[in-house]
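Asks: Dumping the structure here so I can ask a few things about it.
Each value in this text was obtained by applying a stated rule to the coordinates, not by laboratory testing. Remember, it's a predicted structure, so these values are computed and weren't measured experimentally. Positions of Cβ are backbone-derived with ideal geometry, glycine not excepted, and every protein chain shown enters the neighbour counts.
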Amino acid sequence: MQVTVLGCFGPYPPAGGCCSGYLVWGKEAAVLLDCGNGVLSRLRYYLEPWEVTAVVLSHLHNDHTGDLPVLRYARQFNRQHRVETLSVFAPAGPKDEFDRLFSSEYLRAQPVQAGETLQIGDLEFAFAQAVHSVPSHIITVKQGRKKFVYSGDTENCPQLVAAAAGADLFLCEANYLRSDLEGGANNHLAAFQAAEAARAAGVKRLVLTHHHPDRSQKEALREAAAVFPRTELALMGSSYQL
């Protein structure tokens, strides 16, 4: 399994950056994990939009779905490639956003709930309930003995550690610093919390993502590495082989 970072910022990007999007490769499938704004142009360095096997969305906020309608256009209007309807697996709410995103024959909505598993090629996906302002999932991907876990957007919660237990790669949001939480921020993790979850879960490698677009990511890295030394930053174009 290989994980490639297409975009890693939220809730909006810096100049030249992209919001959340990751390409998960197996031997039999290439799955787009979240599809935030700017992700489609980055995807095309690796795959064409009509070559994607499926899309899995952690939740339906725009910084995780913004390029999904554009992906639909790419599949709809490229007349050189006849493509099947693309399956998109996502939480079923908020209902108005779900209905807006999946009003096209070119995208087939496949609602998923916490506790479900699904098989896409040789990749097995499982979903745990995150704590966020809309329904959101912590997503586990397994291929044989290899395990990759993506936090999506979430506050600190026991199910994060449970899902990440023993992961070879833990891709975890760290939109905040400790000072943000002390100032009352919510709905996201601080870098030190991501590191505490990684330590408690016994993961092999922690990669921080969902970077704040208007400050240096080195602040988050310093805060997390003080708790869990095997921490690094997600960078657009980085790939991880499991």
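Asks: Is it true that R145 is out of contact with any helix residue (DSSP H, G or I) (no Cβ under 8 Å at 6 or more places or on another chain) and surrounded by 14 or more Cβ atoms within 10 Å (Cβ to Cβ)?
Replies: Considered against the rule, which asks whether it is out of contact with any helix residue (DSSP H, G or I) (no Cβ under 8 Å at 6 or more places or on another chain) and surrounded by 14 or more Cβ atoms within 10 Å (Cβ to Cβ), R145 comes out as no.
Asks: Tell me the residue from A126, A195, A191, A164 that is within 21 Å of G26 (Cα to Cα), aliphatic (A, V, I, L, M), crowded, with 24+ Cβ neighbours inside 10 Å and out of contact with any His (no Cβ under 7 Å at 6 or more places or on another chain), please.
Replies: A164
Asks: OK, next. When you go through L169, L181 one by one, which is the residue that is without any contact (Cβ under 8 Å) to a residue 24 or more places away in the chain and crowded, with 17+ Cβ neighbours inside 10 Å?
Replies: So the residue among L169, L181 that is without any contact (Cβ under 8 Å) to a residue 24 or more places away in the chain and crowded, with 17+ Cβ neighbours inside 10 Å is L181.
Asks: Name the residues in region 1-48 that are farther than 17 Å from V88 by Cα and in contact with a His (Cβ under 9 Å, 6 or more places away or on another chain), would you?
Replies: C8, F9, G10, P11, P14, G17, C19
Asks: Any idea which of G66, G21, G10 is touching a helix residue (DSSP H, G or I) at 6+ places or on another chain (Cβ under 6 Å), farther than 27 Å from Q143 by Cα, touching a residue at least 40 places away in the same chain (Cβ under 8 Å) and surrounded by 21 or more Cβ atoms within 10 Å (Cβ to Cβ)?
Replies: Within the list G66, G21, G10, the selection yields G10.
Asks: For region 76-97, which positions are buried (at least 17 other Cβ atoms within 10 Å of the Cβ) and either more than 22 Å from the chain's Cα centre (by Cα) or of a type in the set (V, I, T) (or both)?
Replies: Correct list: V88 only.
Asks: Residue check: is V203 hydrophobic (A, V, I, L, M, F, W, C) and either farther than 21 Å from G10 by Cβ or in a loop (DSSP other than H, G, I, E, B) (or both)?
Replies: yes
Asks: Another one. Of the numbered conditions (1) part of a helix (DSSP H, G or I); (2) in contact (Cβ under 8 Å) with a residue 60 or more places away in the chain; (3) not β-branched (V, I, T), A220 satisfies every one except a single condition; which is it?
Replies: If we test A220 against (1) part of a helix (DSSP H, G or I); (2) in contact (Cβ under 8 Å) with a residue 60 or more places away in the chain; (3) not β-branched (V, I, T), just (2) comes out false.
Asks: Answer yes or no: is there a residue in region 160-178 that is in a helix (DSSP H, G or I) and either in contact with a Gly (Cβ under 7 Å, 6 or more places away or on another chain) or charged (D, E, K, R) (or both).
Replies: Scanning region 160-178 turns up at least one residue that is in a helix (DSSP H, G or I) and either in contact with a Gly (Cβ under 7 Å, 6 or more places away or on another chain) or charged (D, E, K, R) (or both).
Asks: Looking at (1) part of a loop (DSSP other than H, G, I, E, B); (2) farther than 21 Å from D34 by Cβ; (3) within 17 Å of the chain's Cα centre (by Cα); (4) of a type in the set (A, V, I, L, M, F, W, C), which is the only condition M236 fails?
Replies: (2)
Asks: Here's a follow-up. Those residues that are in contact with a Phe, Trp or Tyr (Cβ under 7 Å, 6 or more places away or on another chain) and under 22 Å from I138 (Cβ atoms), I need them from region 211-242; list them, please.
Replies: H211, E223, A224, V227, L242
Asks: Looking at region 115-131, which of its residues are in contact (Cβ under 8 Å) with a residue 12 or more places away in the chain and outside any loop (DSSP other than H, G, I, E, B)?
Replies: Correct list: L118, I120, L123, E124, F125, A126, F127, A128, Q129.
Asks: Let me ask something additional. Of all residues in region 209-242, how many are among the polar types (S, T, N, Q) and more than 21 Å from A185 (Cβ to Cβ)?
Replies: 3
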